[in-house]
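Notes follow the structure.
The values are calculated or read from the model by the stated rules, or taken from the named source; none is laboratory data. Since this is a predicted model, take the numbers as computed values, not measurements. Note that each Cβ is placed from the backbone with ideal geometry, even for glycine, and that neighbours are counted across all protein chains shown. Note: accessible area is taken over every heavy atom of the protein model, side chains too, but ligands, DNA and RNA are not part of it. Shrake-Rupley method; radii C 1.70, N 1.55, O 1.52, S 1.80 Å.
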Amino acid sequence: MPANMEKSEASEKTRLQTYLAHCGVASRRASEQIILDGRVAVNGTIVTELGTKVGGGDVVTVDGKRIHLEERKCYVLLNKPAGFVCSSSDEKGRQVAADLLRDSYKERLYNVGRLDMYSKGMILFTNDGDFAAKLSHPSSQIEKEYIVETSQDVTEETARLLEKGVRVDNVFYKCVRCEVLKPRKIKIILIEGKNREIRKMLESQNIGTRSLVRVRIGNVNLDDLRPGEHRDLTEREVKGLLSLCRD
């Protein structure tokens with residue numbers, strides 16, 4: 001976010017969930033839930049109204065800890081290993097993907113989108129609420145590419161069916177493209193991000209998933225980044241992602 005925007009936010013009133021997002025607490029949508037859960041206080045008073053506005057003179061705390069507007073905006077690509085969950089914390093004590101970044105960034109980063117615990121590959125992290133909101137909005141239509149190894153053969157007929165779409169438990173799932181690389185290895189491209197979408201589509205055809213790796217989001221590729229490693233997105237990659245978002 002430009003410096004002049006931060007100065008404007010410091011002097012003018014802005015919605016509380018937007019302020020939290022720009023402080024790197026969580027995405028705007030996730031920040032709304034944090035407010036509703038009664039975890040946010042303004043000037044010592046718990047606030048649960050999403051319409052609440054705050055300015056630079058207000059003291060805002062989350063879980064009792066004061067938050068501030070981030071001085072630097074970060075855009076990070078992590079190759080998430082299997083076994084890590086995409087959340088700010090986990091009540092079940094499971095490993096959290098964001099912890100893999102804590103030694104490298106003092107900023108509070110949160111994930112843009114999700115990968116389930118058993119899936120691997122690309123996940124983006126940021127403290128830029130506007131960036132996260134644009135990429136996460138259903139209308140963004142940004143392609144996400146996955147390489148999937150299956151426990152049964154996938155035929156060309158099945159691939160075409162997944163492109164046409166299947167209904168599972170009254171939910172419609174559809175991929176943009178499904179390419180059979182080998183009998184038990186496929187490439188799938190999605191523009192939606194429904195929970196466990198690929199696994200459910202394959203399960204509907206009695207096909208199990210042995211491995212699922214996200215290798216591309218829009219114009220950004222995983223390339224040779226190893227599991228557990230991360231890197232900053234380039235300015236060109238950030239601009240490219242934003243340019244792909246449909247209004």
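Let me make sure I get this right: for the stretch 29-124, a, b and c are the square roots of the gyration tensor eigenvalues over alpha carbons, sorted descending. Under 1.5 in a/c it's rounded, otherwise prolate if a/b > b/c, else oblate. Which is it? The shape class here is prolate. Taking Cβ atoms as reference points and 11 Å as the exclusive limit, the residues near ARG177 contribute a net charge of -1, counting Lys and Arg as +1 and Asp and Glu as -1. Remark: the chain carries a charge dipole of roughly 400 debye about the Cα centre, counting +1 on each Lys and Arg Cβ and -1 on each Asp and Glu Cβ.
How large, in percent, is the carbon and sulfur part of the accessible surface of the chain at a probe radius of 1.4 Å?
On the way: 6040 of 13170 Å².
Accessible surface attributable to carbon and sulfur in the chain totals 46 percent.
Counting Lys and Arg as +1 and Asp and Glu as -1 over every other residue whose Cβ lies under 10 Å from the Cβ of LEU190, the net charge comes to +1.
So, counting K/R as plus one and D/E as minus one, what does the shell of residues with Cβ under 10 Å around GLU149 add up to? Residues close to GLU149 contribute a combined charge of +4. Return the FRET efficiency for the residue pair LEU69, ARG114: r is the Cβ-Cβ distance, R0 is 25 Å, and the value is rounded to the nearest 0.05. In this case the efficiency is close to 0.45. For LYS200, a cut-off of 15 angstrom between C-alpha atoms picks up these aspartates and glutamates, skipping any fewer than 8 places away in its own chain: ASP116, GLU149, GLU163, ASP169, GLU192. Divide the volume of the convex hull around the Cα atoms of the chain by the residue count and you get 142 Å³ per residue. Taking a ≥ b ≥ c as the square roots of the eigenvalues of the Cα gyration tensor, the stretch 126-175 is classed as prolate, since a/c reaches at least 1.5 and a/b is larger than b/c.
Counting heavy atoms of the protein chains alone, LYS194 has an accessible area of about 70 Å² for a 1.4 Å probe. The distance between label points at SER243 and VAL96 comes to 3.5 nm (points 7 Å beyond Cα on the Cα→Cβ vector). In straight-distance terms, cross-link reach from LYS106 covers every one of the lysines whose alpha-carbon lies under 28 Å from its own, apart from those fewer than eight places away in the same chain; here that gives LYS7, LYS13, LYS53, LYS65, LYS73, LYS80, LYS92, LYS120, LYS134, LYS239. Which residues in the stretch 186-230 place their backbone N less than 20 Å from a point set 7 Å from the Cα of ASN170 along the Cα-to-Cβ direction? Residues passing the 20 Å test: 194-197, 200-201, 204.
Per residue, the solvent-accessible area of the stretch 88-194 (1.4 Å probe, heavy atoms of protein chains only, all protein chains present) comes to 54 Å². Rounded to the nearest Hz, the phi-derived 3J(HN,Hα) couplings of the stretch 50-55 under the Karplus curve 6.51 cos²θ - 1.76 cosθ + 1.60 (θ = phi - 60°) are 5, x, 4, 10, 10, x, where x marks glycine and proline.
A helix-only calculation puts the chain at -6500 deg cm²/dmol for mean residue ellipticity at 222 nm, using -39500 (n - 2.57) for each DSSP H run of at least four residues, averaged over all residues. Shape analysis of the stretch 100-223 places it in the prolate category; the axes a ≥ b ≥ c from the Cα gyration tensor give an a/c of at least 1.5, with a/b above b/c. So what does log10 I(q)/I(0) come out to for the stretch 80-129 at q = 0.15 Å⁻¹, using the Debye formula with one equal point on every Cα and no solvent? The Cα Debye sum returns log10 ratios of -0.36.
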